[in-house]
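First comes the structure, then the notes that go with it.
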Amino acid sequence: MFSQASHNSRTSVRGTSVGDVGVASRTAELISDLKADAAEMLKGLHRIQHEFGYIPGEAVAVLADRFKTSPAIVFGTVDFYSELRTTPPAEKVVEWCSGPACLFKNSSGIRRALQAQLGCEMNAASADGQFELRLVQCDGTCKLAPQLRYRGAYMGPMTAASAIEFARSLKPAPEPPIEEPESDGDGEVSTEAAPTTGEEPQSE
Amino acid sequence: MTTYAELRASAGESWRVIADPQRPLIKVGIATCSSVVGANETLAALNGAAADGNFDVMTVGCIGACYAEPTVEVHVRGQSPVLYGNVTVDRVSPLIDAVQQGTVTDFAIAVVGSEGRGDVPPLARLPFFAKQTRRLMAQCGETDPENIDHYIANGGYEGLDKALRMDKEAIIKELLDSGLWGRGGAAFPTGRKWDFLRTSDRHPKYIVCNADEGDPGAFVNRNLMESDPGLIVEGCIIAGFASDADRAYIYIRDEYPIPVDRVQKAVEQAYERGLAGRDILGSGFDFEVEVVRGAGSYVCGDETGLLSSLEDRRGMPKIKPPFPAQAGAFAQPSNINNVESYANAPMILRNGAAWWASVGTERNRGTKMFSLSGKIERVGIVEVPLGTPTREVIEILGGGIPDGKQLKAIQSGGPLSGVIPASEVDIPLEPEYYRERGTLMGGGGLVVMDEDDCVVDLCIYFEWFAEDESCGRCTTCFAGTRRAVEILKRIASGRGREADLELLKLLGTVAQNANCFHGQGAPTVVNSMFRWFEDELLEHVQRKRCPARRCAGLIRYEVVHQTDTLQAAEAICPTTAIVKDDAGQYRIDQQKCVKCDACREVSPYAITIVDEYAS
């Protein structure tokens, strides 16, 4: 009973690309020691998500078999829990805390700024699939409110401005400009801020 | 067979080197709050220096002072320990110097003893600690939560050892005499609950610990699980023995990875010491304990939702009756209590009901843990006797509202509860006073709102939360909360109408027909708004004005002064809404503005918020 499940499924690396058969057989291996009606399905789901980064559709039938139930019940279970994913995460997932301490410190403004800057809605990926904004629940680290989390690092207290700067830092360096300085009409060269590069969040 | 006395003796050996260290001992608090502000880096730096530094380093749990994390406590033989705050990695070097020179640094916050030292006050003079009665939290931040010997050496499992020699009825009587009621919020007498399970004779019977602390803004269970997990494991085993059960499930929310780890370790170590499993302490009592990790669902904190989650399916609350004591987990008799309820049992058994009941009020005995967050100077976790005035906790322990702002309201008990306004904040922390004011004291979360916060905004958040987390069984819940969100968002966008007020009240009435408390409790915050902040709501509906200037649809940003900082505002704007016109004057393109506030943050003098529909 002490086969310790890892806790890292929420921050796991993205799914490895394996074929359907690979997913099914690997899933079967991962849950081979688990029993039905023993409060163990969640343990199995966590292991699968840790392995693949999400719960692949191919795993559902294998789970149903192991837990002596129907694929519909398994899928309904997966779908029910917000920490379980049915699609692979984007490359860069920015987590936005939805808690009340953050709310009272302008987390809504931060959310709107991030949606605009990253080009994605909450719990959805950007059009190029590179970014995802994800709503997470309060875990009581309210000293950092309003906070963002990125790849396991917590950032806060944020401002809308620092959130925008962080989002810009996630974007790759712009293509080298074509030699043709843009004019905005009154003779001035456009002063649009160049996005900075760098992967590391500016954790406080 | 190892007896408890033998366990205690050997645990005492390993604790002695901690309690009376040969050379300086530096305790580093590692828990959720501290690890997100750099405590692991502090620990690593101290460990790196310890090899040739003539001092030792150990990991402990969390004292609850989130505002001062990372915290470190230095023990030197023959002296009172000194507590240091905000010990990020850059402070490690001066800390080590001070330890080696036998001095204290300027970031020492208290002496853990009766006397201060120089400018450093004794712990009991710090407002955050002075008014606390730390029983559950007595060892939090003192012991290594991953070492059962530390728990045992400080009285752990003494309560179980006593219980195993008592009649089950006597244990339950002790619980009833103490007056302990369910700490999760329902306030039902714990002893009576255990007795329901005891009198059921259909085996297997289950003890279920609800550690799915899902209320946003509540994090008291988290602190206990990651700082002194033995209390919870022992409490479950005592409950198992008293109610003649076979197995415990400790269900911990997925958002709490450190508590999952530490409770799991506490269970494993209990097995190793013969405190769980077969023939516990030679008593003949067999009892299994298992940790289950949730996967992110608020309704799994409802007792029957949690049961469904254990049963390999959607965590949907069940219809009662049958009650859990008749047919709970896997349709077998079960008892479900909150973390803090179980954690009190070892202390009641160890020290007796009379001792336990010696604090609190006539109606409400004992202590309760509360977490403080929001607009408060000192974010943290405290333990106070029930009946302590709410104001005292907010203003003295929590240090009041930052930036000279005024208290507006306190949100207690999570999203299915409401608020109490500043005018009522003198009420004691007892469930009755909160219930009389149309809200709940709840499981321990106290979130403070100041004058800049909007009650309509809070209602939108809570109704959205209730909708998002609704299991989908009852129309009055999943559809009722959705309607509430629509109506409130309409009001916040400036299209509110008089009829919306009646509709919101109606939703509050029909929600009572939901099966579980999730649906029934969902309108509480809206009802609370009608009761305490109706003027503010009417201002939104009738004058299309948000007094706190939070509701995005009722405000707009305007450039009021042309200054140099507007260039920075232009650069930060995520939607290029700040534009320069032909005359070189900046203005805000209202079609593009998302009202994130970034421009005003960088250019506060030039940009201001005005009412969209100023009348």
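Just so it is clear, none of the values below were taken in a lab; they were calculated from the coordinates. Just so we're clear, the structure is a prediction, and the values are computed from it rather than from any experiment. Every residue, glycine among them, receives a Cβ derived from its backbone with ideal geometry; neighbour counts consider all protein chains shown.
Of note:
- Taking a ≥ b ≥ c as the square roots of the eigenvalues of the Cα gyration tensor, an a/c ratio of 1.5 or more together with a/b larger than b/c marks the stretch B:370-442 as prolate.
- Relative compactness, the stretch B:150-259, computed as alpha-carbon Rg over 2.2 N^0.38 Å: 1.10
- Pairwise Cα inverse-distance average, inverted: Kirkwood Rh of the stretch A:27-81 (Å): 10.8
- Size descriptor, Kirkwood hydrodynamic radius, that averages inverse alpha-carbon separations across the stretch B:228-356, Å: 15.3
- Cα pair distances exceeding 16 angstrom across the stretch B:442-550, given as percent: 55
- Rh by Kirkwood over Cα pairs, then Stokes-Einstein D for the stretch B:285-391 at 1.306 mPa s and 10 °C, µm²/s: 94
- Value of D in µm² per second that Stokes-Einstein yields for the stretch B:54-98, Kirkwood Rh from Cα pairs, at 4 °C (1.567 mPa s): 113
- The percentage of C-alpha pairs in chain B whose separation is greater than 35 Å is 46%.
- Rounded to whole Hz, the Karplus (6.51, -1.76, 1.60) HN-Hα couplings of the stretch B:457-466, x for glycine and proline: 4, 4, 4, 4, 4, 5, 5, 4, 4, 5
- Cα centroids of the stretch B:141-178 and the stretch B:420-478: 35 Å apart.
- Helix B:339-351 vs. chain B, principal-axis angle (Cα, 0 to 90°, nearest 10): 30
- Of every Cα-Cα pair in the stretch B:321-372, the percent that sits beyond 14 Å: 65
- The stretch B:102-144 - convex hull of the alpha-carbon atoms, volume per residue in Å³: 99
- Counting only DSSP beta bridges whose two residues both lie in the protein assembly as shown, roughly 60 percent are antiparallel.
- Average beta-carbon neighbours from other chains, 10 Å sphere, peptide A:151-160: 3
- Over the stretch B:362-504, volume per residue of the alpha carbon convex hull, in Å³: 131
- Value of Rg to Rh for the stretch B:75-229, rounded to two decimals, is 1.08; Kirkwood radius and Rg both from alpha-carbon coordinates.
- ³J(HN,Hα), Karplus 6.51/-1.76/1.60, whole Hz, each residue of the stretch B:420-428, x for Gly, Pro: 10, x, 3, 5, 9, 6, 7, 5, x
- For chain B, the residue among B:Ile572, B:Thr388, B:Pro189 whose Cα projects farthest onto the positive side of the dipole built from Cβ charges is B:Pro189.
- Summary value for chain B: 11 percent relative contact order, contacts being C-alpha pairs under 8 angstrom separated by 6+ residues.
- The reciprocal of the average 1/r between distinct C-alpha atoms defines the Kirkwood hydrodynamic radius, which for the stretch A:43-125 equals 14.8 Å.
- Alpha-carbon spread of the protein assembly as shown, three principal axes, descending order, Å: 90, 67, 62
- Partner lysines whose Cα lies under 17 Å from the Cα of A:Lys105, excluding those fewer than 8 positions away in the same chain, are identified as A:Lys143, B:Lys375, B:Lys405, B:Lys408, B:Lys595.
- Largest-first principal axis extents, alpha carbons of the stretch B:217-287, Å: 42, 23, 17
- Cα centroid separation, the stretch B:501-515 to the stretch B:1-71 (Å): 52
- The orientation-averaged shadow of the Cα convex hull for the stretch B:512-564, equal to a quarter of the hull surface, comes to 6.1 nm².
- Counting, for every residue in B:213-223, the Cβ atoms of other protein chains within 10 Å of its Cβ and taking the mean gives 4.
- Its residue count N sets the reference 2.2 N^0.38 Å, and the alpha-carbon radius of gyration of the stretch B:289-340 equals 1.06 times that reference.
- Here B:Lys168 is the anchor, and the lysines within straight C-alpha reach of less than 20 Å, apart from those fewer than 8 places off in the same chain, are B:Lys193, B:Lys205.
- Reachable lysines from A:Lys43, criterion Cα separation under 17 angstrom, eight or more residues apart if same chain: A:Lys35, A:Lys68, B:Lys265
- Legend: translational diffusion of the stretch B:478-615 by Stokes-Einstein, Rh = Kirkwood radius over C-alpha pairs, 10 °C, 1.306 mPa s; D = 94 µm²/s.
- In degrees, nearest ten, helix B:39-50 long axis to first principal axis of chain B (Cα): 50
- Taken over the C-alpha atoms, the stretch B:1-100 has Rg and Dmax values of 14.8, 50 angstrom.
- Within 10 Å of each Cβ in B:369-378, the average number of Cβ atoms from other chains: 3
- Each peptide in A:46-52, B:602-608 gets a packing score, the mean of other Cβ atoms within 10 Å over its residues, and the list from highest to lowest is A:46-52, B:602-608.
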